[in-house]
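The values are calculated or read from the model by the stated rules, or taken from the named source; none is laboratory data. All of these numbers come straight from a predicted model, not from anything done at the bench. The protein model used for the area step is the full one, side chains on, heavy atoms only, and it has no ligands, DNA or RNA in it. Shrake-Rupley method; radii C 1.70, N 1.55, O 1.52, S 1.80 Å.
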Amino acid sequence: QVQLVESGGGLVQAGGSLRLSCAASGSIFSINAMGWYRQGPGKHRELVAEIFSGSRTNYADSVKGRFTISRDNAKNTVYLQMNSLKPEDTAVYYCYVVGSRGSLYWGQGTQVTVSS
């Protein structure tokens with residue numbers, strides 16, 4: 001069993017910053033990819049950012065230049081540094097992990113609220 005524990009969400013004013021963390025633990029031997037999705041009020045879940053085992057990254061156009069994804073392989077942890085936050089970034093952010101055999105695991109979600 002694999003558990004993902006997220007932290008770092010909260011309330012911030014527009015223009016502010018937050019850093020999300022997601023730590024994976026349990027029976028996970030290697031990780032192919034880690035990343036973040038989000039789901040805003042009345043919206044579909046969308047990809048925010050992802051990072052692969054070779055450190056290649058991919059971002060949604062809406063967050064490029066503002067968000068940075070990184071990972072600590074020794075800690076099986078992925079981070080999302082979010083700068084210049086906008087009210088439209090308000091959402092529940094979910095981290096995910098793809099294991100070496102293609103298994104997909106999700107975190108419980110953390111709320112990010114950006115006030116105008």
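Worth a mention:
- Filtered residue count, region 3-25, keeping only those that are of a type in the set (A, V, I, L, M), open to solvent by 30 Å² or more (accessible area, probe 1.4 Å) and over 14 Å from the mean Cα position of the chain (by Cα): 2
- Applying the condition of being of a type in the set (G, A, S) and either open to solvent by 40 Å² or more (accessible area, probe 1.4 Å) or in a strand (DSSP E or B) (or both) to region 37-70 and asking which residue is farthest from L11 (Cα to Cα) yields G54.
- Only a single criterion out of (1) on the phi < 0 side of the Ramachandran plot; (2) open to solvent by less than 50 Å² (accessible area, probe 1.4 Å) is not satisfied by N73, namely (2).
- Region 72-93: number of residues that are at pLDDT 95 or above, under 14 Å from the mean Cα position of the chain (by Cα) and of a type outside the set (S, T, N, Q): 8
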